[in-house]
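The values are calculated or read from the model by the stated rules, or taken from the named source; none is laboratory data. Since this is a predicted model, take the numbers as computed values, not measurements. Virtual Cβ from ideal backbone geometry, glycine too; neighbours counted across all protein chains shown.
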Amino acid sequence: MVEPADALERIADALQRVRNARPKVAAFRRAADTIRPLTHTELADLAARGRLTDLPGIGRSTAAVIEQALRGETPEYLTRVEGDAPAETQPPTELAGPVRAALRGDLHLHSDWSDGGHTIEAMAGAGVALGHQYLALTDHSRSLHIAKGLSADRLRDQLGVVDALNAELAPFRILTGIEVDILPDGTLDQDEELLAALDVVVASVHTKLRMDRDPMTDRMVRALESPHVDVLGHCTGRLVVGQGRPESSFDPERVFDTAVAFDKAIEINARPERLDPPSRLLAQLVDREAKVAIDSDAHATWQLAWQDYGCHRAAAAGIPVERIVNTWTVDTLLDWTAAHAGNG
Ligand SMILES: [Zn+2]
Ligand SMILES: [Zn+2]
């Protein structure tokens with residue numbers, strides 16, 4: 001049994017993961033939002049009269065999903081898209097367990113302010129339910145138009161919203177943050193003073209992933225040298241499911257040495273279609289005693305649980321728990337991020 005709205009969201013999720021089909025993902029998310037306020041009876045009544053497609057954003061394929069879910073069947077569309085995710089992305093949980101138990105938070109996730117499917121409040125609630133003490137809200141920066149990246153003004157508005165939520169949720173804490181784009185020249189896609197005001201800054205490459213090795217290395221090194229950056233997100237940019245995407249070409253030794261020199265963390269991005277960095281690079285992080293952050297990069301509430309994939313990979317690589325920055329208390333974590341901001 002799957003609730004119709006959940007079925008639509010899971011389809012959006014699987015499409016995003018496997019095929020990266022953004023307009024379709026958005027259509028399924030919109031359809032889920034449309035029907036979520038309706039009761040089961042209201043939906044069943046509309047379905048019985050063949051009127052589901054009268055609802056805004058509900059077309060023939062989304063209506064079919066809703067009808068099948070209402071009948072207690074697993075919608076065919078859902079089975080098909082979830083079936084496309086390869087089985088090897090399922091982690092053996094016995095390895096992930098001790099690392100997961102040590103985690104206190106998550107430093108990379110998105111809300112519906114950018115391309116996430118859920119509100120900040122819903123994401124925070126899901127974090128509480130997972131036993132987290134903090135989550136860093138890291139919506140995209142402005143140049144990523146396709147992901148509704150936040151302008152400086154919208155990010156300032158978001159800080160106010162987070163403040164108000166934190167007053168309600170204490171002692172749980174939503175940390176302010178951003179997943180800031182690393183522009184091709186290595187500069188960051190947000191105002192300096194705003195970056196300085198945030199608790200956590202994750203910097204990631206999202207464009208021109210096929211740049212030559214030397215300029216790509218310089219780009220990532222320059223970002224890590226910025227006093228505002230705390231974590232380098234999904235460093236190779238690879239995708240390992242569906243059509244996939246090859247790793248960006250860069251000098252990992254220079255990038256990781258820079259991270260160590262500036263006391264920054266390299267992200268273990270736990271999204272099953274990314275699993276980034278690959279294992280051979282995780283081994284280099286262990287050799288260098290580099291700090292890491294195990295992040296879900298969640299775009300929906302249930303994706304917060306994807307941290308397990310990253311925990312499994314960290315354990316398999318032999319990364320000591322004390323080098324995983326999101327096992328730290330919120331105070332220790334914020335001392336660490338503030339020390340970067342103070343450098344420059
Ligand atoms: Zn990203
Ligand atoms: Zn992200």
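Structural remarks
- Apart from one condition, A136 fits all of (1) within 23 Å of N269 (Cα to Cα); (2) away from ligand 1 (no atom under 16 Å from the Cβ); (3) of a type outside the set (D, E, K, R); (4) buried (at least 20 other Cβ atoms within 10 Å of the Cβ); the exception is (2).
- Residue list for the range 201-224, restricted to those being within 14 Å of ligand 1 (Cβ to nearest atom) and either buried (at least 23 other Cβ atoms within 10 Å of the Cβ) or acidic (D, E) (or both): V201, V202, A203, S204, V205, M220, A223
- Restricting attention to the range 1-59, the residues that are among the β-branched types (V, I, T), outside any loop (DSSP other than H, G, I, E, B) and free of Cβ contacts under 8 Å to residues at least 24 places away in the same chain add up to 3.
- Only one entry of G149, G177, G186 meets the criterion of being within 16 Å of ligand 2 (Cβ to nearest atom), surrounded by 13 or more Cβ atoms within 10 Å (Cβ to Cβ) and under 22 Å from M211 (Cβ atoms), and that entry is G149.
- Annotation: of all residues in the range 274-316 being aliphatic (A, V, I, L, M) and closer than 15 Å to D106 by Cα, the one that is nearest to ligand 1 (Cβ to nearest atom) is A298.
- For the range 75-109, residues that are at pLDDT below 95, surrounded by 15 or more Cβ atoms within 10 Å (Cβ to Cβ), not in a helix (DSSP H, G or I) and not aliphatic (A, V, I, L, M) total 2.
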